[in-house]
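Visitor: Got a structure for you, written out below as structure tokens; questions coming shortly.
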There are 2 protein chains.
Amino acid sequence: MTFPVVGMVGGGQLARMTHEAGIPLGIRFKLLSDTPQDSAAQVVSDVVVGDYRDLDTLRDFARGCDVITFDHEHVPTEHLRALEADGIPVRPGPEALVHAQDKGVMRARLDALGIPCPRHRIVSDPADVAAFAAEGGSSGPGGPSGEGGGGRRTGFPVVLKTVRGGYDGKGVWVVDSEAEAAEPFKAGVPVLAEEKVDFVRELAANVVRSPHGQAVAYPVVESRQVNGVCDTVIAPAPDLDEELALKAEEMALTIAQELGVVGHLAVELFQTRDGRILVNELAMRPHNSGHWSMDGAITSQFANHVRAVLDLPLGDPRPRAKWTAMVNVLGGDYPDMYSAYLHCMARDPQLKIHMYGKDVKPGRKVGHVNTYGDDLDDVLERARHAAGYLRGTITE
Amino acid sequence: MTFPVVGMVGGGQLARMTHEAGIPLGIRFKLLSDTPQDSAAQVVSDVVVGDYRDLDTLRDFARGCDVITFDHEHVPTEHLRALEADGIPVRPGPEALVHAQDKGVMRARLDALGIPCPRHRIVSDPADVAAFAAEGGSSGPGGPSGEGGGGRRTGFPVVLKTVRGGYDGKGVWVVDSEAEAAEPFKAGVPVLAEEKVDFVRELAANVVRSPHGQAVAYPVVESRQVNGVCDTVIAPAPDLDEELALKAEEMALTIAQELGVVGHLAVELFQTRDGRILVNELAMRPHNSGHWSMDGAITSQFANHVRAVLDLPLGDPRPRAKWTAMVNVLGGDYPDMYSAYLHCMARDPQLKIHMYGKDVKPGRKVGHVNTYGDDLDDVLERARHAAGYLRGTITE
């Protein structure tokens, strides 16, 4: 058989779950992992242990792969270009991926496309942050989202982000004054200032696009963060205005097409108090806000990501249940979750547990649970109870 | 974390799909495979290549496993007893598994339990087959299923089976006369004669039982064979009388309990023209008649098999859709299925394809497809079309 080989760079849980989704598809999976103990390396047959920042390692790894895709966004853009020059399909490609790697590039591009974002500007020092806060032009209704424009002053607090390398709240600061704004500049990397958006909740629009341009949109979900880390996802987002949902899906499909994304694209969104949606972040890989789809959709984000990077026809993204809830399982104080795990299975025979094989450390994502059903309160209670019990914050 | 290691003996597709189901459970999977190319060996990290018929190989493999389970029934009973004596939990254990290994032992035990079976007897030569055919005592309503009893003569055709080693129609003969009955005795192994049951269809009752005695029953399915090989499974069995369905489930649960089965038990059944159910075969592992559960049930047979052998609480076996159909994908004349596969995905975005990574040979099981929905005709048409297209028997 000529079933292809998918090369996955990065051995985290996203790679693990992509492999799981690839098994029924009959594709071969090859993994480039930092260590043999990484989440995905535990469950994949063909593992290369090596450093993705080293071009020779990447080139060796890519030999024998029909396509390269990623568990994370950290592979240097120039390495991806070198692989493409070698004739290896890289999906998403470097020209798309840079928008998920560099928040400055992403904001500039979304501005050019007329996609609404929080007001933002690259800043060079704390005084510049104060100047940004003093400028006018909020991302009000109809107003431009980029620099300039009229309206009220941005004001403090201001959100500061390193343009590269941040995730799960790392590389992000919320500062209330010029004096507080010193920290982000210490690393000497470019910093993006953004208005602190007055949002009522966070949403995510997940889409998958294939090289020949087929695309599917998952229902828009609500994503609840705790301490900057995704905690709960509800699919579909409860009480979301149908027109706004459609607008969010269209926005994500537009971004995927205009940026030439191949594979899964997560568009993290703010829903503002005045009823607008603004783009917060982009991720070009399977995403935490799409984990619900493993048990809640006809085709999971992981299966569709694999299909997309191989340019196979995409699967149906529609939900299989009225409501699906995903709650992340974070490490607690006890390193052994197995007895809690047994308890959760006994309490709820419908519970879908997804463990990542990672050592438990306080606050570390070590798994997630999915629940689904017709009653949202029940679905949420079951997922929260299981995740809390596994973490050790619920003991009965 | 102290998540356990499951040792799987056998590298076929059942092992492959069990590994797939084990990934989200966070368990470690160790495989004993005949070759590095076996279906499961392609997707598992920790593979030992070796011969399961060699006790030293089994013992080496079992070190570091928390439990041993199986992809097939061919491991010699005495080896399993030796592993148990070494202190390794073997699930299902040898005393249970022998009933799936030896049809003579199975029939004798089911007789003793009063479980209805086709009329049967161990036969020693063609003349003995003729004598069996001439004997009275069909497995009529209320009559004994074993030897003796009154009623009409069994008559030809008679079904002859080697008591060990048969599967998918291999090791089974249907003979119309004493003269035709010579073949099965040539191998010099014990042969079981059975009446050819006048059945309207075949059913399967699948149950899963854990060491501490928890058990769950999947809905009874209809199983359609072509040339002795499972072709189509419909879950639940259409138009099955509720009382008969309950009786079949209870029968399977009784067998699981009385034989001390741990893990998945498939009870293949004949539904007779006169409205009875008779046990055809037993399999103590995930089974082709349970593949529908991967997409059609809340918890798949594979996930529940893993949970059972680890003595974890079992998952909900109920269906997620009104109808689920499974059709096996057999190899056709063309070794490359990939372009057909692409076509099937494009035609039906809801189709669930499960490929086993096996080389295509005519008639060989290389995968299966699942479809589900509210309309049985549509569900069946979609599954049959996809399987036929992949095999090459449908070209449009």
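Visitor: Any residue in the stretch A:35-64 that's touching a residue at least 12 places away in the same chain (Cβ under 8 Å) and surrounded by fewer than 20 Cβ atoms within 10 Å (Cβ to Cβ): show its pairings with residues that are of a type in the set (S, T, N, Q) and assigned to a helix (DSSP H, G or I) at Cβ separation under 9 Å, as long as the two are six or more apart or on different chains.
Guide: The qualifying pairs are A:V48/A:T57; A:G50/A:T57; A:D51/A:T57.
Visitor: Considering (1) away from every other protein chain (no Cβ under 14 Å); (2) outside any helix (DSSP H, G or I); (3) not acidic (D, E), say which one B:L314 fails and leave the rest.
Guide: It fails just one condition, (1).
Visitor: Filter the stretch B:322-350 down to the residues that are facing chain A (nearest Cβ under 8 Å) and either of a type in the set (K, R) or in a loop (DSSP other than H, G, I, E, B) (or both) and list them by number.
Guide: Residues satisfying the conditions are B:P335, B:D336, B:M337, B:P349, B:Q350.
Condition check ((1) assigned to a helix (DSSP H, G or I); (2) over 29 Å from A:Q37 (Cβ atoms)) across all residues:
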{"residue": "A:H368", "(1), (2)": "no, no"}
{"residue": "A:R382", "(1), (2)": "yes, yes"}
{"residue": "A:A386", "(1), (2)": "yes, no"}
{"residue": "A:T393", "(1), (2)": "no, no"}
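Visitor: Further, regarding this structure: Among (1) at pLDDT 95 or above; (2) outside any helix (DSSP H, G or I); (3) away from chain A (no Cβ under 11 Å), there is one condition B:G275 misses while meeting the rest; what is its number?
Guide: (1)
Visitor: Something else: Do we find that A:H354 is more than 9 Å from every other protein chain (Cβ to nearest Cβ), at pLDDT 95 or above and within 20 Å of the chain's Cα centre (by Cα) in this structure?
Guide: On the way: more than 9 Å from every other protein chain (Cβ to nearest Cβ): no; at pLDDT 95 or above: yes; within 20 Å of the chain's Cα centre (by Cα): yes.
Here the answer is no, as A:H354 does not meet what is asked.
Visitor: Let me ask something else about it. Is it true that some residue in the stretch B:280-298 is within 21 Å of the chain's Cα centre (by Cα), without any contact (Cβ under 8 Å) to a residue 24 or more places away in the chain and facing chain A (nearest Cβ under 9 Å)? Talk me through it step by step, then tell me what you get.
Guide: Start the filter on the stretch B:280-298 by keeping residues that are within 21 Å of the chain's Cα centre (by Cα), which leaves B:280-298.
Imposing the further condition that a residue be without any contact (Cβ under 8 Å) to a residue 24 or more places away in the chain reduces the set to B:298.
From what is left, the residues that are facing chain A (nearest Cβ under 9 Å) are B:298.
Looking for residues that are within 21 Å of the chain's Cα centre (by Cα), without any contact (Cβ under 8 Å) to a residue 24 or more places away in the chain and facing chain A (nearest Cβ under 9 Å), one finds at least one in the stretch B:280-298, hence yes.
Visitor: Go through (1) of a type in the set (V, I, T); (2) surrounded by fewer than 19 Cβ atoms within 10 Å (Cβ to Cβ); (3) in a helix (DSSP H, G or I) and name the single condition B:V200 misses.
Guide: Result: B:V200 passes all but (3).
Visitor: Also, I was wondering about something else. Within the stretch A:206-221, how many residues are part of a loop (DSSP other than H, G, I, E, B) and under 21 Å from A:T232 (Cβ atoms)?
Guide: Of all residues in the stretch A:206-221, those part of a loop (DSSP other than H, G, I, E, B) come to A:210-214, A:218-220.
Checking the rest, the ones that are also under 21 Å from A:T232 (Cβ atoms) come to A:218-220.
Matching residues across the stretch A:206-221 total 3.
Visitor: Here's another thing I want to ask about it. Could you figure out which of (1) surrounded by fewer than 20 Cβ atoms within 10 Å (Cβ to Cβ); (2) part of a loop (DSSP other than H, G, I, E, B); (3) modelled with pLDDT of 95 or more isn't true of B:P116?
Guide: Against the list (1) surrounded by fewer than 20 Cβ atoms within 10 Å (Cβ to Cβ); (2) part of a loop (DSSP other than H, G, I, E, B); (3) modelled with pLDDT of 95 or more, B:P116 comes up short only on (1).
Visitor: Only residues that are more than 25 Å from B:L192 (Cα to Cα) and in contact with a helix residue (DSSP H, G or I) (Cβ under 9 Å, 6 or more places away or on another chain): list them for the stretch B:80-101, please. Please lay out each step first, then the result.
Guide: Here is the first cut: in the stretch B:80-101, the ones more than 25 Å from B:L192 (Cα to Cα) are B:81-91.
B:R81, B:A82, B:L83, B:E84, B:D86, B:I88, B:P89, B:V90, B:R91 - these are the residues of the stretch B:80-101 that are more than 25 Å from B:L192 (Cα to Cα) and in contact with a helix residue (DSSP H, G or I) (Cβ under 9 Å, 6 or more places away or on another chain).
Visitor: Looking at the stretch B:357-396, which of the residues that are β-branched (V, I, T) and surrounded by fewer than 19 Cβ atoms within 10 Å (Cβ to Cβ) is modelled with the highest pLDDT? Steps first, please.
Guide: Our first condition is that a residue be β-branched (V, I, T); within the stretch B:357-396, this holds for B:360, B:366, B:369, B:371, B:379, B:393-395.
Subset that is surrounded by fewer than 19 Cβ atoms within 10 Å (Cβ to Cβ): B:393-395.
Numbers: B:T393: 91, B:I394: 88, B:T395: 84.
Only one residue fits best here, namely B:T393.
Visitor: Just name the residue that is nearest to the other protein chains (Cβ to nearest Cβ) out of those in the stretch A:1-18 that are touching a strand residue (DSSP E or B) at 6+ places or on another chain (Cβ under 6 Å), of a type in the set (A, V, I, L, M) and closer than 29 Å to A:L330 by Cβ.
Guide: A:A15
Visitor: If you don't mind, another one. Is it the case that some residue within the stretch A:235-244 is surrounded by fewer than 16 Cβ atoms within 10 Å (Cβ to Cβ), more than 17 Å from the chain's Cα centre (by Cα) and not charged (D, E, K, R)? I'd like the intermediate steps shown before the answer.
Guide: First, the residues of the stretch A:235-244 that are surrounded by fewer than 16 Cβ atoms within 10 Å (Cβ to Cβ): A:238-239, A:241-243.
Then drop every residue that is not more than 17 Å from the chain's Cα centre (by Cα), which leaves A:238-239, A:241-243.
Retained after the next criterion (residues that are not charged (D, E, K, R)): A:238.
Within the stretch A:235-244, one or more residues are surrounded by fewer than 16 Cβ atoms within 10 Å (Cβ to Cβ), more than 17 Å from the chain's Cα centre (by Cα) and not charged (D, E, K, R).
Visitor: Restricting to the stretch B:357-366, name every residue that is at the interface with chain A (Cβ under 10 Å from one of its Cβ atoms) and touching a residue at least 40 places away in the same chain (Cβ under 8 Å). Quick ask: steps written out before the conclusion?
Guide: Our first condition is that a residue be at the interface with chain A (Cβ under 10 Å from one of its Cβ atoms); within the stretch B:357-366, this holds for B:357-360, B:366.
Within the stretch B:357-366, B:G357, B:K358 qualify.
Visitor: Tally the residues that are within 16 Å of B:V44 (Cβ to Cβ), modelled with pLDDT of 95 or more and β-branched (V, I, T), restricting the search to the stretch A:19-61.
Guide: 4
Visitor: Of B:A21, B:A100, which residue is part of a helix (DSSP H, G or I), touching a residue at least 40 places away in the same chain (Cβ under 8 Å) and either within 19 Å of B:D311 (Cα to Cα) or within 14 Å of another protein chain (Cβ to nearest Cβ) (or both)? Lay out the reasoning, then the answer.
Guide: Values: B:A100 fails: either within 19 Å of B:D311 (Cα to Cα) or within 14 Å of another protein chain (Cβ to nearest Cβ) (or both).
The match here is B:A21.
Visitor: Just to be sure, is A:L265 buried (at least 21 other Cβ atoms within 10 Å of the Cβ) and not polar (S, T, N, Q)?
Guide: Spelling it out, A:L265 is indeed buried (at least 21 other Cβ atoms within 10 Å of the Cβ) and not polar (S, T, N, Q).
Visitor: May I ask you to list the residues in the stretch A:29-52 that are farther than 18 Å from A:G263 by Cβ and at the interface with another protein chain (Cβ under 8 Å from one of its Cβ atoms)? Give the derivation first.
Guide: First, pick out the residues of the stretch A:29-52 that are farther than 18 Å from A:G263 by Cβ: A:33-39, A:41-51.
Scanning the stretch A:29-52 gives A:A41, A:Q42, A:V43, A:V44, A:S45, A:V47.
Visitor: Could you list all residues from the stretch A:33-76 that are within 19 Å of A:R16 (Cα to Cα), assigned to a loop (DSSP other than H, G, I, E, B) and in contact with a His (Cβ under 8 Å, 6 or more places away or on another chain)?
Guide: A:A40, A:V43, A:V44, A:Y52
Visitor: Counting only residues that are in contact (Cβ under 8 Å) with a residue 24 or more places away in the chain and away from every other protein chain (no Cβ under 11 Å), how many does the stretch B:372-383 have? Steps first, answer last, please.
Guide: Taking the stretch B:372-383 and keeping what is in contact (Cβ under 8 Å) with a residue 24 or more places away in the chain, we get B:372-376, B:379-380, B:382-383.
Filter once more, keeping what is away from every other protein chain (no Cβ under 11 Å): B:374-376, B:379-380, B:382-383.
Final tally of qualifying residues: 7.
The values are calculated or read from the model by the stated rules, or taken from the named source; none is laboratory data. Since the model is a prediction, treat every value here as computed from it, not as a measurement. Ideal geometry is used to build each Cβ from the backbone, glycine not excepted, and the neighbour counts take in all protein chains shown.
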